[in-house]
Amino acid sequence: MQLDFQSDKPIFLQISEQIEDAIFTGAFPEDSQIPSTTELSARFNINPATVLKGMNKLADEGLIYKKRGLGMFVGRGAAQAVREKRQQDFYQQYIVSLLTEAGKLGLSKQELIALIERNYGGETNGDQK
Amino acid sequence: MVIRSNNDYKIKVQDISKSFGNVQALKNISLTFEPDHIYGLLGRNGAGKTTLLNLISNRLYADSGTISVNGESVIDNDKALSKLYYMSEKNCYPESMTVDQAFKWAANFYPGFDRLRAKELCAKFELNGKKKIKQLSTGYNSIFKGIIALCVDADFILLDEPVLGLDANHRQLFYKSLMETYSDNPRTFIISTHLIEEITSMLETVMIIHRGEILKIDSTENLLKAGYSVSGKADTVERYISGKQIIGVDVLGGLKSAYVLGELDRAQVPPELDINRMDLQKLFIRMTENNQGGEAK
């Protein structure tokens, strides 16, 4: 996990997103225990209340659940739930900003489609930004 | 986390003033420290931070006003004072004492002193318990005092420049240890420091003191949302910031950065401008520089 203290995204949101990410990639499998509030707050020097706020967000979304006296665990079907949520966000997060940037660069619709097709089926999993 | 629900666990500072000669160090200050919070007490040199901590811990008497801990006045009141621990810049332990003896001493005053944790922390910081206090370097003197502060179970722990003289590794270790003991046994920490950036994420509430007065008290979260900076071509920035509350501007040739107070609405910002978060340190500098920090001592 990596937190960005320079980002304008609140720390509690970064925590919930990173745990969500770990659930999605399977780094935290279903029914496995996630790091405790104490562990996370000591690792990153953040107030435990901030960590708790991030955890509560995930708990509210049903992605993690509490085992009394043990800690927080990844819920059944959590990875699938994250996938569905991200598919819904995909349009807003990527397509809209892609079109905005393409507009600024003066790319036409055809040029944009050509660019997408150039990489399609190839290394679409690359982490290029 | 264990949450204590007793509402009487509070430090209340009311209408406190304190002068040294003809210099007024604190001007009619009122504030409250709630239970199980971590506070950052920020201010420039001479702002009055240490004076405030000295008053709370009864090392100084106020000219006027009252300070109470859990409902009882702190003035010459051992019961109220036993609820708090003050790690000051000055050393209050006999110089000829060894570190281990000092721990024993602390345990006499504070029966809940966590000797096991103290031993562990000594090992982590590589502080030799057999050493005499007068033999400790500046850094290790801070470490020694810091370990006691982290192991005392008082309701309120006051830390004045706790990482003075510590190298980066030891500062990290100190913060980590602070978070651990706070998670295990929540109590109130009041941290006065100049290393704002390093402690921001640990603080729940920030109090900024400026020239003997409270300039700002707010949650860290709110303060981080309080402002932002925009930078880009000077005329574009100029146009965007007109009518907004600006607390500072940097100019570099045709480029301009402006520090804006108020919540950010991304949709309103022209896409060619860069938006950056205003961190606590920048905000602090901007808020306390216009009317210059004065010497209060």
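Only alpha carbons enter this Debye calculation for the range B:227-277, each as an equal point scatterer, and the log10 of I(q)/I(0) it gives at q = 0.13, 0.19 Å⁻¹ is -0.23, -0.51.
Just tell me how shielded B:173-184 is by partners: mean number of partner chain Cβ atoms within 10 Å of each residue's Cβ, no decimals. It would help to have the intermediate numbers written out before the result.
Details: counts 0, 1, 4, 5, 1, 3, 13, 5, 1, 6, 10, 1.
The shielding value for this peptide is 4.
As a length-normalised measure over Cα pairs under 8 Å and 6 or more apart, the relative contact order of the range B:122-218 settles at 24 percent.
DSSP loop (so not H, G, I, E, B), at most 11 other Cβ within 10 Å: list which GluC sites (Glu not before Pro) in the range B:84-142 pass both filters.
Values: sites: B:GLU89, B:GLU95, B:GLU120, B:GLU126; in loops: B:GLU89, B:GLU95, B:GLU126.
Listed in order of number, the matching sites are B:GLU95, B:GLU126.
Taking the three principal axes of the alpha carbon atoms in chain B, the coordinate ranges are 66, 43, 39 Å, sorted in descending order. Averaged over peptide A:49-55, the number of partner chain Cβ atoms lying within 10 Å of each residue's Cβ comes to 3. When the alpha-carbon atoms of the protein assembly as shown are used, the pair Rg, Dmax equals 25.4, 82 angstrom.
Can you quote the Å³ per residue value for the convex hull of the Cα atoms in the range A:11-78, rounded to an integer? Provide the component values of the computation, followed by the final result.
Numbers: hull volume 5.2 nm³, N = 68.
Roughly 77 Å³ of hull volume per residue.
For chain B, the residue among B:GLY165, B:SER137, B:LEU224 whose Cα projects farthest onto the positive side of the dipole built from Cβ charges is B:SER137. Annotation for the range B:111-168 versus the range B:43-110: alpha-carbon center distance of 16 Å.
The helix-only estimate of mean residue ellipticity at 222 nm for chain A, built from DSSP H runs of length n ≥ 4 each weighted as -39500 (n - 2.57), is -16500 deg cm²/dmol after division by the residue total. Computed 3J(HN,Hα) for the range B:259-272, one whole-Hz value per residue from the Karplus formula 6.51 cos²θ - 1.76 cosθ + 1.60 where θ = phi - 60°, is 9, 10, 8, x, 6, 7, 10, 4, 4, 7, 8, x, x, 7, glycine and proline marked x.
Output the peptides A:14-21, B:21-28 sorted from most to least packed, where packing is the average of other Cβ atoms within 10 Å over each peptide's residues.
Numbers: A:14-21: 20.0, B:21-28: 15.2.
Ranking the peptides A:14-21, B:21-28 by packing returns A:14-21, B:21-28.
Helix B:99-109 and the longest principal axis of the Cα set of chain B meet at an angle near 90°.
Axis of helix B:138-151 versus longest Cα principal axis of chain B: the two differ by about 80°, to the nearest ten degrees.
Return the whole-Å distance between the Cα centroid of the range A:1-27 and the Cα centroid of the range A:36-50. So the separation of the two Cα centres works out to 13 Å. Sparsely packed loop sites in the range B:40-122 (the chymotrypsin sites (Phe, Trp or Tyr not before Pro) outside DSSP H, G, I, E and B with at most 15 other Cβ atoms within 10 Å) comprise B:TYR61.
At most 13 other Cβ atoms within 10 Å and a DSSP loop assignment: could you name the trypsin sites (Lys or Arg not before Pro) in the range B:182-272 that fit? Loop-located and lightly packed - B:LYS244.
Given Cβ point charges of +1 (Lys, Arg) and -1 (Asp, Glu) and nothing else, what value in debye, to the nearest 20, does the dipole of the range A:79-119 about its Cα centre take?
Numbers: 6 positive and 5 negative charges, 16 e Å.
It works out to roughly 80 debye.
Readers should treat all values here as calculations from the given coordinates under stated rules, not as data from a laboratory. Just so it is clear, the model here is predicted, and its values are computed rather than measured. Cβ: placed from backbone, ideal geometry, glycine included. Neighbour counts: every protein chain shown.
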